[in-house]
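Report on one structure; see the data block that follows.
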Amino acid sequence: MADATFKETMTFRECVDRMVDRAIIASDFDPNTAKIIQACNVVSQIKFPVKIGNKIEIFTGWWAQHSSHRLPVKGGLRFAPIVNQDEIEALASLMSYKCALADIPFGGAKGGLCINPANYSVSELREIAHTFGTELARKEYLSPALSVPAPDMGTSSREMVWIADAYKNMFPENLNQGACVTGKPLNRGGIPGRTEATGKGIQFGLREFFHHPDEVEAAGMEDGLTNKRVIVQGLGNVGYHTAKFLSEEEASLVIGVIERDGAIINPDGLNIHNLRQHFANTGGVKGFADGDYIENAASVLEMECDILIPAALESQIHANNAMSINAKLIVEAANGPVTYEADEILRHRGIKVLPDLYINAGGVTVSYFEWTRNLSHMRFGRLQRRYDEIRGTSYLQAIEELTGKKVSDQLRNDIVRGASELDLVRSGLDDTMRMAFRDMREVMKRNSKITDFRTAAYAIAVAKIAQSYYDMGLAEPPTDVTT
Ligand code: GLU
């Protein structure tokens, strides 16, 4: 998917740092506090052996804890062949800023294992994940109180179970052992709505954007999400769910999907369910009947559309293609898909960007709900669901008695029904996305030097983290950017 001829002048970590610098300068932040915040507290390289067939293989992984102003630190654990230390540090710092912006009381972390999962059998992968989990737990990088990994690129609920089992073997008496990872399957302490949480959060964030006509107009669009032409890069968990929710629930037209083997386009909108089915069966998008196949995937990134959603790797929009992007709004479903240099170009071109630390915060938000649920050892809503139903029935009876009229079955159901756990998760996620959006707008309204969502998001995050350092007596009082 990446452009082979392209060479960025800055590393991923440098890109994130420069974006933070921009926010620090725009909000007149104390430079010393900024330095404390930007430094990655801990990064460890872990090498461990696993017997694969008759041979011993040495695997290399990293765990980075960017900021432990709040504990536990939180972040995804990725299994990918391109993992490196600079990337993991960048991603860990993004997690700190993301959690701060979304008001999630965690520090930021990230882990990665340099591996191509496709080269190993399931039982080998289990052994590798289990050993990595044991190594992480031994160093206190896996702990419900200190450090809680989650699914990321190349990992899912399956890997989380393997890692949780490693922790359980070492600390069987820890009552909160289940909270050592999030993104677990439902029957292992997971929470409904976690798998699709990032995609749902993107849908909620986009809805919020379209609730503000001035933003929509400034992006050169009109009205809501209906019929908006969307191009999605990546049909993994995040890309798939985003495309699915936008096409099925918002009536947007997903006119292009870009994958490793090429892209599929259809100006009338693709059927995402069928495309995903095809992708699962064949390992690519080529040969999908209801669209035209384009071998040069990079050219589809530059195709005209309303909303471009990079949901795959980092650095996909860079100095060499930023001038050719033909979208009105870029939605960073992946972490770091736009480089610093590209971001500058897009800003000058007036193309709006909903930045990663805001728009893909749905995953960690629902991870937070899962972690809280694990500590309480009870599902959300268990105590009040039936009570709410009884109250709802009483209100309904009162309304019917007072008006002498019968309420429709649909309305009756809406009033009486107690919230399911999924309803509560979705409501909490929606609230988080709306509040963070409003905070970003508020900052842009108050500070004329801040004119884009990314700088606003970083300014808020840095101010919140600085407040924690200040409360600990480690920093100057932070600039008040939010109130
Ligand atoms: N991997 C996701 C992210 O990058 C989720 C992290 C989490 O749930 O802790 O935001």
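The values are calculated or read from the model by the stated rules, or taken from the named source; none is laboratory data. Computed from a predicted model, the values in this text were never measured in an experiment. Note that we place each Cβ from the backbone using ideal geometry, even for glycine, and neighbour counts take in every protein chain shown. With ligands, DNA and RNA removed, areas are computed over all heavy atoms of the protein, side chains included. Shrake-Rupley method; radii C 1.70, N 1.55, O 1.52, S 1.80 Å.
Between Leu71 and Glu248, how high is the FRET efficiency from 1/(1 + (r/R0)^6) when r is the Cβ-Cβ distance and R₀ = 35 Å? Nearest 0.05.
Computed FRET efficiency for Leu71 and Glu248 comes out at 0.35.
How much length is gained on full extension from Asp471 to Lys445, taking 0.36 nm per residue of separation minus their Cα-Cα distance? Each step should come with its number before you reach the end.
Values: separation 26, 0.36 × 26 = 9.36 nm, distance 2.71 nm.
Full-extension gain reported as 6.6 nm.
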*asked:* At 1.4 Å probe size, what's the solvent-accessible area of Phe369? Round to the nearest 10 Å².
replied: 40
*Suppose R0 equals 25 Å; then what is the FRET efficiency for Ser394 and Asp431 from their Cβ-Cβ distance, rounded to the nearest 0.05?*
0.40
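If you wrap a convex hull around the C-alpha atoms of region 1-98 and split its volume per residue, what is the figure in Å³?
Details: hull volume 14.3 nm³, N = 98.
Cα convex hull per residue, to the nearest whole number: 146 Å³.
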*asked:* Could you give the length gained by full extension between Arg438 and Glu304, i.e. 0.36 nm per residue of separation minus their alpha carbon distance, to one decimal place?
replied: 45.4 nm
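Any idea what the alpha-carbon Rg over 2.2 N^0.38 Å comes to for region 345-444? Before the final figure, lay out the partial values.
Numbers: Rg = 20.0 Å, N = 100, 2.2 N^0.38 = 12.7 Å.
Scaled against compact globular proteins, the figure is 1.58.
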*Calculate the length of the line joining the C-alpha centroid of region 447-466 to that of region 215-276, in whole Å.*
29
*Please report the relative contact order for region 352-465, taking Cα pairs under 8 Å with a sequence separation of at least 6, and give it as a percent rounded to a whole number.*
37
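What is the gain in length, in nm to one decimal, between Thr11 and Arg412 on full extension, counting 0.36 nm per residue of separation less the C-alpha to C-alpha distance?
Working: separation 401, 0.36 × 401 = 144.36 nm, distance 5.67 nm.
So the extension gain works out to 138.7 nm.
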*At a 1.4 Å probe, what is the % contribution of carbon and sulfur to the accessible area of the chain?*
49
*Hey, if you put +1 on the Cβ of every Lys and Arg and -1 on every Asp and Glu Cβ in the chain, which of Asn32, Ala219, Asn374 ends up farthest toward the positive end of that dipole?*
Asn374
_Pairs of alpha-carbon atoms within less than 8 angstrom and 6+ residues apart define the contacts here; what relative contact order does the chain have, in percent?_
16
*Using helices alone, what [θ] at 222 nm do you get for the chain, with -39,500 (n - 2.57) per DSSP H run of 4 or more residues, divided over all residues and rounded to the nearest 500?*
-14500 deg cm²/dmol
*Descending Cα extents along the principal axes, region 170-221, whole Å*: 57, 16, 13
*Putting +1 on Lys and Arg Cβ atoms and -1 on Asp and Glu Cβ atoms, find which of Ser157, Ser121, Ser68 reaches farthest to the positive end of the dipole of region 50-160.*
Ser157
_What percent of all Cα-Cα pairs in the chain falls into each 10 Å bin, going from 0 up to the bin containing the maximum distance?_
4, 19, 29, 27, 15, 5, 1, 0, 0
*asked:* List the lysines whose Cα sits under 21 Å from the Cα of Lys286, skipping any in the same chain fewer than 8 residues away.
replied: Lys244
*Can you give the FRET efficiency for Glu401 and Asp214, using 1/(1 + (r/R0)^6), R0 = 45 Å, r = Cβ-Cβ distance, to the nearest 0.05?*
0.50
*For region 405-483, what is the relative contact order in percent, using Cα pairs closer than 8 Å and at least 6 residues apart in sequence?*
20
*In region 33-67, which residues have a backbone nitrogen under 14 Å from the label point lying 7 Å from Glu124's Cα in the Cα-to-Cβ direction?*
50-59
_Given Cβ point charges of +1 (Lys, Arg) and -1 (Asp, Glu) and nothing else, what value in debye, to the nearest 20, does the dipole of region 376-434 about its Cα centre take?_
120
*asked:* In Å, what Kirkwood hydrodynamic radius results for region 43-171 from the alpha-carbon pair distances?
replied: 14.5
*For region 185-274, build the charge dipole from Cβ charges (+1 Lys, Arg; -1 Asp, Glu) around the Cα centre, then report which of Gly189, Thr242, Leu253 sits farthest towards its positive end.*
Gly189
*asked:* Take the residue pairs Lys47/Lys200; Lys110/Lys184; Lys110/Lys168 and return only those whose Cα atoms are more than 25 Å apart.
replied: Lys47/Lys200
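Report Rg(Cα)/(2.2 N^0.38 Å) for region 187-249, keeping two decimals. Walk me through the numbers on the way to the answer.
Numbers: Rg = 13.8 Å, N = 63, 2.2 N^0.38 = 10.6 Å.
Region 187-249 yields a ratio of 1.30.
Which value, in debye to the nearest 20, describes the size of the charge dipole of the chain about its Cα centre when Lys and Arg Cβ atoms bear +1, Asp and Glu Cβ atoms bear -1, and nothing else is charged? Numbers along the way, then the final one.
Details: 52 positive and 62 negative charges, 281 e Å.
It works out to roughly 1360 debye.
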